[in-house]
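The structure under discussion appears below in the form of structure tokens.
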Amino acid sequence: MLYIQCKKTGRLKKVFLALLLFISVSSIAQRQLNMEDHDYKPYYFGISLGMNRGSFHSELHPAYLSQDSILTAEPTWSAGFNLGLSATVRLNRRFELRFNPQLIFTERNVQYNLRYKEPYENAYFIQKKVESVITSFPFQLRFMSDRIGNFRVYMMGAGKVDLDLASNAQARKADDMLKIGRMDYGFEAGVGFKFYYPSFILAPEIKISNGLGNLHSRNESLNYSRVIGDMRSRMVVFTIHLEG
């Protein structure tokens, strides 16, 4: 079943990328200059749809050295998706300020290599899942290149505040789970491309979105939690913005 799902996901990604390539090439090939007045708008709005891969950057706690049941604890990458809105203000011909609140659905896991088999799992490898529904509030500064026909490149940097609506930090029945805090802050950096069409702008963008705060709500009494110290969010995001 997992193989079939992965195969379908791979095909969907190929179709998605092929469609994006076709749209991009067709936009560049157009000779007519689309949306000429858009470059002089003081502000405009848009919607965002994207895919992400998230993980943690973790550090082992000194308590790891005082036990021998857990050999390694390593974060792994998992896929998710995000939806958002955008409001952009034009500062001058080179710079724009964009507010891009997003709802991010993601899953970040930590895989443990055990010296002894887990009684209930009968395995030496255990994976603890951390499912999150994050509302992210990034304020982005975009540096725009010159417009070449119906095409333009931009670079982006941002500061952000995140709120995890699915945080389990206050959960009472821990059951050896990893507890994650609700609030985070961090930075974003990326690059994007704007393709101008007669009635809208298609802007694919790729960025890194990293948290700076420690998300781990460590609990000394939980085996899988006490061996880990700080945990910080790491995410790579591919987004398509539709702007008008």
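Structure notes:
- Residue check for residue 120: part of a loop (DSSP other than H, G, I, E, B), among the aromatic types (Phe, Trp, Tyr) and more than 19 Å from residue 208 (Cβ to Cβ): yes
- Subset of region 64-115 [out of contact with any Pro (no Cβ under 9 Å at 6 or more places or on another chain), closer than 29 Å to residue 225 by Cβ and of a type in the set (Lys, Arg)]: 115
- Region 123-140, subset small (Gly, Ala, Ser) and part of a strand (DSSP E or B), residue surrounded by the most Cβ atoms within 10 Å (Cβ to Cβ): 136
- From the list 242, 215, 202, the one residue that fits, being out of contact with any Pro (no Cβ under 7 Å at 6 or more places or on another chain) and surrounded by fewer than 17 Cβ atoms within 10 Å (Cβ to Cβ), is 242.
- Residue 32 vs. criteria closer than 30 Å to residue 146 by Cβ and loosely packed, with under 13 Cβ neighbours inside 10 Å: yes
- Residue match in region 180-196 (condition: buried (at least 16 other Cβ atoms within 10 Å of the Cβ) and without any contact (Cβ under 8 Å) to a residue 24 or more places away in the chain): yes
- Qualifying residue in region 164-180 (condition: over 30 Å from residue 59 (Cβ atoms) and in a strand (DSSP E or B)): no
- Among the residues of region 72-96, those identified as of a type in the set (A, V, I, L, M) and either surrounded by fewer than 15 Cβ atoms within 10 Å (Cβ to Cβ) or out of contact with any strand residue (DSSP E or B) (no Cβ under 8 Å at 6 or more places or on another chain) (or both) are 79, 83, 85, 87, 89, 91.
- Test: residue in region 92-109 that is modelled with pLDDT of 90 or more, of a type in the set (D, E, K, R) and closer than 23 Å to residue 179 by Cα: yes
The values are calculated or read from the model by the stated rules, or taken from the named source; none is laboratory data. Quick caveat, the model's predicted, so the values are computed rather than measured. Cβ atoms come from the backbone with ideal geometry, glycine included; neighbour counts cover every protein chain shown.
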